[in-house]
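To keep things clear, I will list the structure first and then write my remarks on it.
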Amino acid sequence: MGFNIVLIEPEIPMNTGNIGRLSLASGSVLHLVKPFGFEINDARLKRAGLDYWKHISVKIYENVNDFLSINNDKNMVYLSSSADKSYYSIDYKDDMFLIFGKESVGLSKDIITNNIDKLYKIPIFSNHIRSLNLANAVSIVVYEGLRNIN
């Protein structure tokens, strides 16, 4: 049981480290798509992941096209604040790919346009905030998914 958590071009090492720890805790695989906003051996990444990093199942891809060509037949959903549908309505399945964009701008316009039918958001109930922290968003979606498939 678990998911495939995909971070496209993550920029903040502490977020990636925390998401790595979440991946291990939830029985998920972490997929990291370059370019990164940090070095993979960044001390902040390791510190956020604590001593768990060596146990995390991580796959690294050179770019989005590399990731998509390798995983094109997988069950994928995309998370974006610009989506219309809520993550509550995702039909969660074991081994599903949950795809998140980078912290500063989210998913690219191409990814959003090409996957509009598989695009979901976490509702935000304040006009004073544009988005949630990436690590928090991943946690929300992963544990909602685990709740649904159990």
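No lab work stands behind these numbers, since they all come straight from the coordinates. Given the structure is predicted, the values throughout are model-derived calculations rather than measurements. All Cβ positions, even for glycine, are placed from backbone atoms using ideal geometry, and neighbour counts span all protein chains on display.
In table form, for the structure just shown:
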read-out: Unique match (being surrounded by 19 or more Cβ atoms within 10 Å (Cβ to Cβ), touching a residue at least 40 places away in the same chain (Cβ under 8 Å) and not small (Gly, Ala, Ser)) among 107, 146; value: 107
read-out: Residues of region 54-83 satisfying the condition of being charged (D, E, K, R), free of Cβ contacts under 8 Å to residues at least 60 places away in the same chain and surrounded by 12 or more Cβ atoms within 10 Å (Cβ to Cβ); value: 59, 66
read-out: Criterion (touching a Phe, Trp or Tyr at 6+ places or on another chain (Cβ under 7 Å) and on the phi < 0 side of the Ramachandran plot) met by exactly one of 132, 79; value: 79
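So that you can scan it fast, the table gives a plain yes or no per residue for (1) touching a His at 6+ places or on another chain (Cβ under 7 Å); (2) closer than 21 Å to residue 137 by Cβ; (3) in contact (Cβ under 8 Å) with a residue 60 or more places away in the chain; (4) surrounded by fewer than 15 Cβ atoms within 10 Å (Cβ to Cβ):
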| site | (1), (2), (3), (4) |
| --- | --- |
| 19 | no, yes, yes, no |
| 33 | no, yes, no, no |
| 85 | no, yes, no, yes |
| 99 | no, yes, yes, no |
